[in-house]
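Read-outs: derived from the displayed coordinates by stated rules, not from any lab. It should be emphasised that the depicted structure is a prediction, and the values quoted were computed from it without experimental measurement. Ideal geometry is used to build each Cβ from the backbone, glycine not excepted, and the neighbour counts take in all protein chains shown.
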Amino acid sequence: MRQINLLPTDLRPTKKLSLAIKKAEKVFIGLLVIYIITLTSAYFADSLLTKKFQEFSDKKNELSNELKSLAKVETSTVYIRDRIEKYYKLTDKDIELTTLNLFEDSHQNFPPDAIITLVDISEKNINYSVSVTDVVSLTSILDGLSDSKLYKDINISSLGYQEGKGYSFFLTLTF
């Protein structure tokens, strides 16, 4: 088929212009290919980076949850350690139990004929109001208490004697 050019010859592009247009088309096509390659690379890089970001985000969440779990364990460990320290402090300073043990030890030194009418237990001492029938019982109490070496001071006050009842005295044991 034959081509018919209806354009006037003075409007027809020159050979120089035709060559420049063909070169510009080639540059344009080259730039278009580079743009498409760059766009495709950017898309794949974005999807790859999004996938990596999601992996790191999941790992961060996992580590964050593990850290929270460990923080709870640490908190409970500190709480338990604190309770244990307080327990040891209390057992070292368990005045009531220590005093009760000393009371029981001192009470064992009283002979069967001793009558205790008053007992006062405080943090540092035990006070007794005691009556015994004879001097032997009185000395056995004092000997037993002094031999036990549990008390810093053994004080006898208000020592009195009534015929038929025996000796009555007030005894203070300091520990």
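By a straight-distance test (C-alpha under 18 Å), which lysines pair with K16 as possible cross-link partners, with residues fewer than eight away in the same chain excluded?
Result set, ordered by chain and number: K26.
Got the relative contact order for the chain handy, in percent, Cα pairs under 8 Å and 6 or more residues apart?
Value for the chain: 14 percent.
Which value at 222 nm does the chain reach when only helices count, each DSSP H run of 4 or more adding -39,500 (n - 2.57), with the total divided by all residues and rounded to the nearest 500 deg cm²/dmol?
Taken over the chain, the calculation gives -22000 deg cm²/dmol.
Could you point to the label whose value was computed as log10 I(q)/I(0) by the Debye sum over Cα atoms at q = 0.08, 0.15, 0.20 Å⁻¹ for the structure here, given [x] -0.62, -0.96, -1.24; [y] -0.34, -0.84, -1.25; [z] -0.45, -0.89, -1.40?
[x]
Which FRET efficiency value, to the nearest 0.05, do you get for L142 and Y79 by plugging their Cβ-Cβ distance into 1/(1 + (r/R0)^6) with R0 = 45 Å?
With a Förster radius of 45 Å, E is 0.35.
Can you tell me the FRET efficiency between N61 and I34 if r is taken as the Cβ-Cβ distance and R0 is 45 Å, rounded to the nearest 0.05?
0.70
So, in nm, how far is label N5 from label L159 when the simple model puts each one 7 Å beyond its Cα toward the Cβ?
15.2 nm
Given C-alpha coordinates of the range 13-93, what is the ratio Rg to Rh with the Kirkwood estimate of Rh?
The Rg/Rh ratio comes out at 1.76.
Looking at the P(r) of the range 96-174, how many percent of alpha-carbon pairs lie beyond 21 Å?
Working: 625 of 3081 pairs.
Pairs farther apart than 21 Å: 20 percent.
For D113 and K89, compute 0.36 nm times the residue count separating them, minus their Cα-Cα distance, and round to one decimal in nm.
So the extension gain works out to 4.6 nm.
Identify which of Y35, Y79, Y151 has the largest mean-square fluctuation in a Gaussian network model of the chain, with springs joining Cα atoms closer than 10 Å.
Largest GNM mean-square fluctuation: Y35.
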